[in-house]
Amino acid sequence: TSNYTTSAAVFDGSGGYNAGRLLEVRPGELGLRQSDALFQHIKHLPGRFAELRAEGWLTGLSAVGASTRPRAVEGSYMPCFLAGMSAARAVASFLKVPLYFFSHQSGHIAAALYSADRLSYFKRPFYAFHVSGGTTEALLVRPNAAQLFEKELLAQSLDLKAGQAIDRVGGMLGLPFPAGAELDRLAQRSKQRFSVRPSMKGADCCLSGIQNQCEKMLRAGECCEDIARFCIESVLAAIDA
């Protein structure tokens, strides 16, 4: 149960099934209060389990895991993770199977390795980029049996996060929240090419200027496709730097 998605999934080592549902955000708004997100998670979780059962995945379970916090660092906490933690505890207790807790960031990294067919990286150090609405970080990741991964922060955004910039520009252009997929589709229709110089402080980046520049472009009457492309390319330039 992350900030904007309720998910229940089963994985058997080579494949699986994810029953996920985006939380409902009112048109024109750019997010949810944590209390509202937690309430929606509690409402949606039974339906996610029902979908798994209907698809034939709720049999032979040998362990249960859940995300408990955004990142595995001191002070990282969001109430919306409580819904998933509570459900995981209940399922593990009922089935009498082991229960494992991870950070949301570790889950993102593990999912990326699975999607890229790079499960061998669970046994070796590698670099990872976590680029989302709440986090924009470059990490050195090492295997850790106790917590799945041990992560060393190498660089980060010092102000706005990449997902925040994308959602704010998307909202500015009238796109639904979350705006990433629609903004990307809009950007691909642009024939404009930009030479972006990212704002850097050493290896760290500053992304708040993206929103400011896009607002200037909109006031100047530039088309939505070009504004979307500038936003996407600006984020990519900062990561590439």
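The values are calculated or read from the model by the stated rules, or taken from the named source; none is laboratory data. For clarity, every value in this text was computed on a predicted model and none was experimentally measured. FYI the Cβ positions are ideal-geometry reconstructions off the backbone, even for glycines, and counts take in every protein chain you see. Note: accessible area is taken over every heavy atom of the protein model, side chains too, but ligands, DNA and RNA are not part of it. Shrake-Rupley method; radii C 1.70, N 1.55, O 1.52, S 1.80 Å.
Please compute the per residue accessible area over the chain with all protein chains in place, 1.4 Å probe, rounded to a whole number of Å².
57 Å²
Apply the Karplus curve 6.51 cos²θ - 1.76 cosθ + 1.60, θ = phi - 60°, to the phi angles in segment 137-150 and return the couplings in whole Hz, x for Gly and Pro.
Result, ordered by residue: 9, 9, 10, 9, 10, 10, x, 8, 4, 6, 10, 6, 9, 10 Hz.
What number, in percent, do you get for the relative contact order of segment 192-241 if the mean sequence gap of Cα pairs under 8 Å and at least 6 apart is divided by its residue count?
Details: 36 pairs, mean separation 25.0, N = 50.
Relative CO of segment 192-241 lands at 50 percent.
Leaving ligands, DNA and RNA out of it, rank ILE227, ILE232 by accessible area with a 1.4 Å probe, largest first.
Working: ILE227 0, ILE232 35 Å².
Greatest to least solvent exposure: ILE232, ILE227.
Helix-only estimate, please: 222 nm mean residue ellipticity of the chain, summing -39500 (n - 2.57) across DSSP H runs of length 4 or more and dividing by its residues, to the nearest 500.
Theoretical 222 nm ellipticity from helices: -13000 deg cm²/dmol.
Of SER120, SER35, SER132, which has the largest mean-square fluctuation in a 10 Å C-alpha GNM of the chain?
Among SER120, SER35, SER132, the largest GNM mean-square fluctuation belongs to SER120.
May I ask you to list the chymotrypsin sites (Phe, Trp or Tyr not before Pro) in segment 1-94 that are in a DSSP loop and have at most 14 other Cβ atoms within 10 Å of their Cβ?
On the way: sites: TYR4, PHE11, TYR17, PHE39, PHE49, TRP57, TYR77, PHE81, PHE94; in loops: TYR4, TRP57, TYR77.
Sparse-neighbourhood loop chymotrypsin sites (Phe, Trp or Tyr not before Pro): TYR77.
Just list whichever of LYS151/LYS216; LYS151/LYS191; LYS151/LYS201; LYS123/LYS161 have alpha carbons separated by over 28 Å in the model shown.
Over 28 Å Cα-Cα: LYS151/LYS216; LYS151/LYS191; LYS123/LYS161.
Could you work out the relative contact order of the chain, using alpha carbon pairs under 8 angstrom and six or more residues apart, expressed as a whole percent?
14 percent
Using the alpha carbon gyration tensor of segment 118-241, what are the three equivalent-ellipsoid semi-axes (square root of 5 times each eigenvalue), largest first, in whole Å?
31, 15, 12
So, counting K/R as plus one and D/E as minus one, what does the shell of residues with Cβ under 15 Å around SER190 add up to?
-1
How much of the accessible area of segment 1-77, in percent, comes from carbon and sulfur atoms when a 1.4 Å probe is used? Before the final figure, lay out each step's value.
On the way: 2410 of 4700 Å².
After summing per-atom areas, the C and S share lands at 51 percent.
In terms of modelled amide H atoms, which long-range or inter-chain residues lie less than 5 Å from the amide H of GLN156?
Hits under the 5 Å cutoff: ALA138, ASP204, CYS205.
Which of ARG26, ARG69, ARG142 moves most in a GNM of the chain, Cα contacts under 10 Å?
Evaluated over the chain, the most mobile residue of the options is ARG26.
Seen from all sides and averaged, what is the projected area of the convex hull of the Cα atoms in segment 1-102, in nm²?
Average of the hull's projected areas for segment 1-102 equals 7.4 nm².
Just to be sure I understand: with springs between alpha-carbon atoms less than 10 Å apart, which residue in PRO98, PRO198, PRO143 has the highest mean-square fluctuation in the Gaussian network model of the chain?
PRO98
Any idea what % of Cα-Cα pairs in the chain are farther than 30 Å? Mind showing how you got there, number by number?
Details: 9656 of 28920 pairs.
Here the tail beyond 30 Å accounts for 33 percent of pairs.
List, in order, the whole-Hz ³J(HN,Hα) value for each residue of segment 123-128 obtained from phi through the Karplus relation with A = 6.51, B = -1.76, C = 1.60 and θ = phi - 60°; use x for Gly and Pro.
10, 8, x, 7, 9, 9
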